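What follows is calculated from the coordinates using simple rules that are stated; it is not laboratory data. These numbers come from a predicted model, not from an experiment. Don't worry about glycine lacking a Cβ; one is built from the backbone with ideal geometry, like all the others, and counts go over all protein chains shown.
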Amino acid sequence: MSELSVVTRPDGVARCPWAVGHPVNLAYHDTEWGVPVQGESAYLERITLEAFQSGLSWLTILNKRPAFREAFAGFDADAVAAYDERDVERLMADAGIVRNRRKVDAAITNARATVALRADGGLEALVLAHRPASPVEPQAATTSPESVALSKSLKRAGFAFVGPTTMHALMEAVGLFDPHLPGCHRRGAC
């Protein structure tokens with residue numbers, strides 16, 4: 001059993017502990033985290049944001065999310081796949097996003113890999129194919145056999161910045177398993 005436990009705020013609602021420190025985290029926890037998404041752009045957005053989060057706080061990424069959406073054309077894979085060096089320079093000058101050249105390059109690489117993956121069923125199908133067969137204990141680990149397998153599958157398909165820890169976070173975010181702790185008001189609701 002996980003050593004983590006829920007935190008009850010003054011509003012009387014029990015939540016996962018990471019969600020209670022800031023209103024942006026709380027809103028994301030209560031409305032989006034662990035909720036299944038649909039469509040290529042939704043999956044590309046989550047993969048991109050998880051990659052940019054590496055080494056940073058999730059709150060930083062959530063606060064910059066509107067700028068990321070604008071900078072990366074709403075995560076339209078075709079549009080981002082067409083980015084060239086001028087676009088990279090534009091992105092590296094955009095203070096609204098995280099300006100990390102390796103991560104910017106990875107976002108473009110991943111958009112191109114997403115377009116190429118359409119011939120084999122698409123990004124959404126590939127991610128969903130790695131849904132855990134048995135229940136996963138929420139927030140107990142940072143990787144799983146499924147996140148390792150998803151990472152390997154995405155790398156074989158040409159994706160970058162998709163390590164097992166990043167893919168475990170993606171799996172939590174897009175509801176491949178219920179990431180909420182027992183006692184959290186969102187447990188079982190996604």
Checklist line | Angle in degrees between helix 101-117 and the longest Cα principal axis of the chain, rounded to the nearest 10 | finding: 80 degrees
Check: Based on Cβ point charges of +1 for Lys and Arg and -1 for Asp and Glu, what charge dipole magnitude is obtained for segment 68-109 about its Cα centre, in debye rounded to the nearest 20?
Finding: 260 debye
Check: Long-range amide H contacts for Ala14: which residues qualify at under 5 Å (H placed 1.01 Å from N, peptide plane, sequence gap of 5 or more or a different chain)?
Finding: His185
Notebook entry, point to check: Of Phe161, Leu117, Phe72, whose Cα points farthest to the positive end of the dipole of the chain (charges on the beta-carbon: +1 Lys, Arg; -1 Asp, Glu; origin at the Cα centre)?
Noted result: Phe161
Notebook entry, point to check: Hey, which lysines would be in cross-link range of Lys64, C-alpha to C-alpha under 27 Å, not counting anything within fewer than 8 residues on its own chain?
Noted result: Lys103, Lys155
Next item on the list: Alpha carbons only, please: Rg and Dmax for the chain, in angstrom.
Entry: 16.7, 51
Notebook entry, point to check: Taking the chain as a Gaussian network, Cα atoms linked when under 10 Å apart, which of Ala111, Ala129, Ala51 shows the biggest mean-square fluctuation?
Noted result: Ala129
Notebook entry, point to check: Between Glu89 and Arg9, what length in nm is gained on full extension when 0.36 nm per residue of separation is reduced by their alpha carbon distance?
Noted result: 24.4 nm
Checklist line | Karplus-derived HN-Hα couplings along segment 59-76 (A = 6.51, B = -1.76, C = 1.60, θ = phi - 60°), whole Hz, x at Gly and Pro | finding: 4, 4, 5, 4, 5, 9, 4, x, 5, 4, 4, 5, 5, 10, 6, x, 6, 6
Notebook entry, point to check: Roughly how big is the chain's charge dipole about its Cα centre, with Cβ charges of +1 (Lys, Arg) and -1 (Asp, Glu), in debye to the nearest 20?
Noted result: 280 debye
Notebook entry, point to check: For Val174, Val115, what ranking results if the residue with the fewest other Cβ atoms within 10 Å of its Cβ goes first?
Noted result: Val115, Val174
Checklist line | Among Asp78, Asp11, Asp105: highest mean-square fluctuation, GNM of the chain, C-alpha pairs under 10 Å | finding: Asp11
